[in-house]
Amino acid sequence: MKITDYSSMAMNIISNGWHLPLVNGKVNSSNIEDKIVIGIYNKDLGPILAEEADLVIQLVEELVAEYGEKT
């Protein structure tokens, strides 16, 4: 994936609230992973590696930490 794809996915996750509810002050990675899998099954997303999904979740975590959960 291109770096722009990671940031687009992260912003899409945040704008749809898929990172919520926060769990122990961190984004809900389980919910994000579920939405990624659903996107792949629905063919809205191409296949991605687990490491790529982890990178997107980390990016969402960093954005929420810097700008707040309502980013």
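The values are calculated or read from the model by the stated rules, or taken from the named source; none is laboratory data. Nothing here was measured: the structure is a model prediction, and the numbers come from that model. Using ideal geometry, Cβ is built from the backbone for each residue, glycine included, and neighbour counts are taken over all protein chains shown.
Could you grab me the full set of residues in the range 15-50 that are among the charged types (D, E, K, R) and closer than 14 Å to Asp5 by Cβ?
First, the residues of the range 15-50 that are among the charged types (D, E, K, R): 26, 33-35, 43-44.
Matches in the range 15-50: Asp44 only.
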Practice prompt. Show the residue pairs that are 6+ apart or on different chains and have beta-carbon atoms under 9 Å apart, the first residue being within the range 30-48 and within 20 Å of Gln58 (Cβ to Cβ) and acidic (Asp, Glu), the second being surrounded by 14 or more Cβ atoms within 10 Å (Cβ to Cβ) and at pLDDT 95 or above.
Written response: Glu33/Ala53; Glu33/Ile57; Asp34/Trp18
Worksheet entry | Breaking point among (1) surrounded by fewer than 14 Cβ atoms within 10 Å (Cβ to Cβ); (2) touching an Asp or Glu at 6+ places or on another chain (Cβ under 6 Å), for Lys43 | (2)
Response to the item:
Over the range 17-29, the set of residues under 11 Å from the mean Cα position of the chain (by Cα), over 14 Å from Glu51 (Cα atoms) and in contact (Cβ under 8 Å) with a residue 12 or more places away in the chain is Trp18, His19, Leu20, Val27
Worksheet, complete the sentence: Flagged in the range 1-22 as hydrophobic (A, V, I, L, M, F, W, C), surrounded by fewer than 13 Cβ atoms within 10 Å (Cβ to Cβ) and either within 13 Å of Val60 (Cβ to Cβ) or in contact with a Cys (Cβ under 6 Å, 6 or more places away or on another chain) (or both), in numbering order, are Leu22
Worksheet item: Do we find a residue being under 17 Å from Glu66 (Cα atoms) and of a type in the set (Lys, Arg) anywhere in the range 12-34?
Response: yes
Worksheet, complete the sentence: With the first residue restricted to the range 1-13 and required to be closer than 12 Å to Ile36 by Cβ, and the second required to be surrounded by 14 or more Cβ atoms within 10 Å (Cβ to Cβ) and modelled with pLDDT under 90, Cβ contacts under 9 Å at 6 or more apart or on different chains are Met9/Met1
